[in-house]
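Okay, structure first, notes after.
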Amino acid sequence: MSAPPFPPGFLWGGATAANQIEGGYAAGGKGLSVQDVLPHGLAGPRTAAPTPDNLKLEAIDFYHRYAQDIALFAEMGFRVFRLSIAWSRIFPQGDEAEPNEEGLAFYDRVLDELERHGIEPLVTISHYETPLHLAEAYGGWANRELIGLYERYARVLFERYGSRVRYWLTFNEINSLFHAPFMSGGIIAPPERLTEGLLYQAMHHELVASACATRLARELAPGAQIGCMVLAMPTYPLTPAPPDVLAASAAEHANLVYGDVQVRGAYPGYFLRTLREKGVELEITDEDREALAHTVDFVSFSYYMSACESASPDRAPGAGNIMGGIPNPTLPASEWGWQIDPVGLRLVLNQFWERWGKPLFVVENGLGARDELVEVDGVRTVRDDYRIAYLNDHLVQVGEAIADGVEVLGYTSWGCVDLVSASTAQLSKRYGFVYVDRNDDGSGTFERYRKKSFDWYAEVIRTGGANL
Ligand code: BGP
């Protein structure tokens, strides 16, 4: 057998987001974020104030247990850990003049702990965590003022952590805005104003804000590498009929436009045509155009599934997570209907590399499943062979893409410790190598247990992928 294709400096690790792990929703001066009023995830509705059934309020208590979790990641040999900074810990309302020192100090401690274990941080600046006040008082990202407020927040982060964090992501899954306007963009608008035009304008504001942060990083944190982050979902034509191929290509364009702007610095022609046809006129200032020219250093993405598209007017309704899409009849699916397609990951890596020529980072991938805690020789564990199989098959395809010549910086498996699911807001949809004793009804001890996949992943990292 030939040597595994993963380069020696490959960044193996795991990924999380503040609202899904931290808890401590009101601790240390933290303000509310949109997540604190979303007890049911994507299914909605949002509540007027935090309610006890919202598992994110305590999540898995990483806020108090981060040292224990990071030690477990170190035990697996992680070289990188993806975390997000909760915007409302730093600016509780989002629009204060000065940041909250207690919030900043918390991330100092987390970074200290990572440093102690030689784990590189990968920081998402905004992961579905818009401060609630910015949603309620400003209407979220539909309001141009958020660009300046985000820039102020990013400035504080670069000044405080710029010398110790090399890899930054500006917005998690920036292309989810149309599919989850409130969770993704804090957008609140009366139904008659919640139009496509408004969402395109919000998208533009996020793209400008992302570019402004990149420009700022060049000045304040010259060693920093700034990445965009998109939800990648390759879309295949449902049949080989050219209209279906065209429909699939249009669905892909709707996602690729974000990377096109963040990598190339301007809106592509196909997108301008879409706007014209929809009668949408974006407000784009000269300053916006200048800002957009500040493009990213690398492209990161989440990958869970692929989907199909068809030109047929009676196309089946969407299934799956945020993006929907027609299920692929040739593929198996997870319990939540997410189509399992390891080869799609190789395809997407090649597509992004050929399109943008920037180093790529797989910053989310994994299998959500219901795990059963069992006792083996007096030790509590989960026999999650299904998860091992999923991750193994996907990592094999990452290896294939590297062998194809694609530059891949690293791989962070999603939810390396069990966390609250974004779409269901429950804990029973688990992704981790580490089981957390917490249940959907809020019961549990918060104890951590190593699953079978824990030892498997440690071995993947130790051998540089030779055991795949
Ligand atoms: C992505 C999000 C994550 C995450 C993941 C898994 O869309 O960036 O926050 O949760 O999907 O989704 P879920 O938790 O819904 O299973």
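Read the figures in this text as sums done on the coordinates, not as results from a lab. Because the structure is a prediction, the values reported are computed rather than measured. Ideal geometry is used to build each Cβ from the backbone, glycine not excepted, and the neighbour counts take in all protein chains shown.
Only one of the numbered conditions (1) under 22 Å from the mean Cα position of the chain (by Cα); (2) away from the ligand (no atom under 16 Å from the Cβ); (3) polar (S, T, N, Q) is not met by residue 423, and that is (2). Every residue in region 256-286 that is in a helix (DSSP H, G or I) and under 24 Å from residue 143 (Cβ atoms), please. The answer is 257, 258, 261, 262, 271, 272, 274, 275, 278, 286. Here is a list: 186, 148, 139. Which entry is closer than 18 Å to residue 86 by Cα, among the small types (Gly, Ala, Ser) and free of Cβ contacts under 8 Å to residues at least 60 places away in the same chain? It is 148.
Would it be correct to say that residue 371 is crowded, with 20+ Cβ neighbours inside 10 Å, closer than 22 Å to residue 435 by Cα, in contact with a Ser or Thr (Cβ under 7 Å, 6 or more places away or on another chain) and touching a residue at least 60 places away in the same chain (Cβ under 8 Å)? The answer is no for residue 371. Among the residues of region 24-82, those identified as of a type in the set (Val, Ile, Thr) and either part of a helix (DSSP H, G or I) or without any contact (Cβ under 8 Å) to a residue 40 or more places away in the chain (or both) are 34, 37, 47, 51, 70. When 399, 415, 405 are checked against the criterion of being at positive phi, among the small types (Gly, Ala, Ser) and away from the ligand (no atom under 14 Å from the Cβ), 405 stands alone in meeting it. Taken over region 419-468, residues that are in contact with a Leu (Cβ under 7 Å, 6 or more places away or on another chain) and in a strand (DSSP E or B) amount to 4. Applying a threshold of 7 Å to beta carbon distances and a minimum spacing of six or more residues, or different chains, the list of pairs starting in region 250-278 at a residue that is in contact (Cβ under 8 Å) with a residue 60 or more places away in the chain and ending at one that is charged (D, E, K, R) and surrounded by fewer than 19 Cβ atoms within 10 Å (Cβ to Cβ) reads 278/196.
What are the residues in region 161-180 that are surrounded by 21 or more Cβ atoms within 10 Å (Cβ to Cβ) and either basic (Lys, Arg) or part of a helix (DSSP H, G or I) (or both), if any? Steps first, answer last, please.
Start the filter on region 161-180 by keeping residues that are surrounded by 21 or more Cβ atoms within 10 Å (Cβ to Cβ), which leaves 165, 167-177, 180.
If the condition is that a residue be surrounded by 21 or more Cβ atoms within 10 Å (Cβ to Cβ) and either basic (Lys, Arg) or part of a helix (DSSP H, G or I) (or both), then 174, 175, 176 are the ones that fit.
Residues in region 435-456 that are in contact with a helix residue (DSSP H, G or I) (Cβ under 8 Å, 6 or more places away or on another chain) and either basic (Lys, Arg) or within 16 Å of the ligand (Cβ to nearest atom) (or both): 438, 440, 448, 450, 451, 452. Would you check if there is a residue in region 407-418 being surrounded by fewer than 23 Cβ atoms within 10 Å (Cβ to Cβ), touching a strand residue (DSSP E or B) at 6+ places or on another chain (Cβ under 8 Å) and not aliphatic (A, V, I, L, M)? For region 407-418, residues surrounded by fewer than 23 Cβ atoms within 10 Å (Cβ to Cβ), touching a strand residue (DSSP E or B) at 6+ places or on another chain (Cβ under 8 Å) and not aliphatic (A, V, I, L, M): present. Just so you know, in region 434-468 the residues that are among the aromatic types (Phe, Trp, Tyr) and either closer than 26 Å to residue 411 by Cα or under 23 Å from the mean Cα position of the chain (by Cα) (or both) include one that is surrounded by the most Cβ atoms within 10 Å (Cβ to Cβ), and it is 457.
Which of the residues belonging to region 207-221 are in contact with a strand residue (DSSP E or B) (Cβ under 6 Å, 6 or more places away or on another chain) and farther than 15 Å from residue 160 by Cα?
Narrowing region 207-221 to residues in contact with a strand residue (DSSP E or B) (Cβ under 6 Å, 6 or more places away or on another chain): 210, 213-214, 217.
Once the filter is applied, which keeps residues that are in contact with a strand residue (DSSP E or B) (Cβ under 6 Å, 6 or more places away or on another chain) and farther than 15 Å from residue 160 by Cα, region 207-221 yields 210, 214.
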